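One structure is given below, encoded as structure tokens.
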Amino acid sequence: MSNLLCNLVYNLANNWIINADVAKQVLQQEATLLDARAPILKCFGRLPNAIPVTWQEFSQSHFPHKGKIIENNTVLTQKLQAIGICQDKPVIVVADPVKGWGEEGRIVWMLRTLGHEKAVFVDGGYRAFIKAGISQVKAANNPPKTGDFVLSRPSKWEIQRDELKAILGNDNLVVIDAREPREYAGKTPYGEKRGGHIPGAVHLYYKQLMDKQGQLLSRGEIVAILLQKGVSQSTQIVSYCSGGIRSAWLTSVLTNVGFNAKNYAGSMWEWSASPADSYPLSVILSRAG
């Protein structure tokens, strides 16, 4: 392995997000490129040797657990190998942070949660990638070679519903609602059974951590925003949204910055479908007049 590749791989292991220029270098050495944009977006700008993916492929199919990763390790391993995921090969994920829903963060969070140590997404997404000199292709790419990745499930970046319920109210815990303000207040535009937010959760819409071009704010700006929410580097963070996609993106970003962050993938789909007396929600009442 060349010194350049050794340095790049080391940086990937210690970062969940890289800029487009570094991503281009990694691709030139050897990496698996995943395109997590919505299918309609991929048709208008295919990336060379990119493998199209969706988060739904690796998630449970039945409501209210659609946000949760497939539980069967054998099935999940086969799915990941089928898209070319290898044990020691870096994985670079590209999406559209402006038009998307945090799909790149969801895929990276999933791979890290399943034990892949070199999964990253590109800051600024597809547009930044093209700007860095990655050429588009017209024809569809060839099917990927089967990978050799075998998953494990470290629980460092994931939390389950009842685990979260058990620690609600802990002094060192901050629960972050990564959804739109209307959802936090009580609207249910994406199929939640009940409206509102988990009691005590602070609101931080995930796109507040990027600019209008989809580029992440600086580390200092992100830390300052979190401090305003009462979150320090030592605070345990649990994020959620509707189905664990936007909150997975937020978890990826916060982990990359150095926070202690976990994603509740069941999120509001699961929590709101659970008994209200055991899994309550708070609603912000609008003022009349």
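The values are calculated or read from the model by the stated rules, or taken from the named source; none is laboratory data. Since the model is a prediction, treat every value here as computed from it, not as a measurement. Cβ: placed from backbone, ideal geometry, glycine included. Neighbour counts: every protein chain shown.
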Study note, to complete from the structure: Of P181, P189, P199, P154, the only residue that is assigned by TED's automatic domain parsing to the domain that holds R246, surrounded by fewer than 16 Cβ atoms within 10 Å (Cβ to Cβ) and in contact with a helix residue (DSSP H, G or I) (Cβ under 8 Å, 6 or more places away or on another chain) is P189
Check your understanding: Which one of the conditions (1) more than 23 Å from the chain's Cα centre (by Cα); (2) over 28 Å from N73 (Cα atoms); (3) of a type outside the set (D, E, K, R) does P143 fail to meet, given that it meets all the rest?
Key -> (2)
Practice item. Select from segment 1-49 the residues that are modelled with pLDDT of 90 or more, under 13 Å from D96 (Cβ atoms) and hydrophobic (A, V, I, L, M, F, W, C) and list them in ascending order. Key: A36
Exercise for review: Name every residue in segment 78-126 that is assigned to a helix (DSSP H, G or I), among the charged types (D, E, K, R) and either in contact with a Pro (Cβ under 8 Å, 6 or more places away or on another chain) or under 23 Å from N142 (Cα atoms) (or both), in order of residue number.
Suggested key: K79, E103, E104
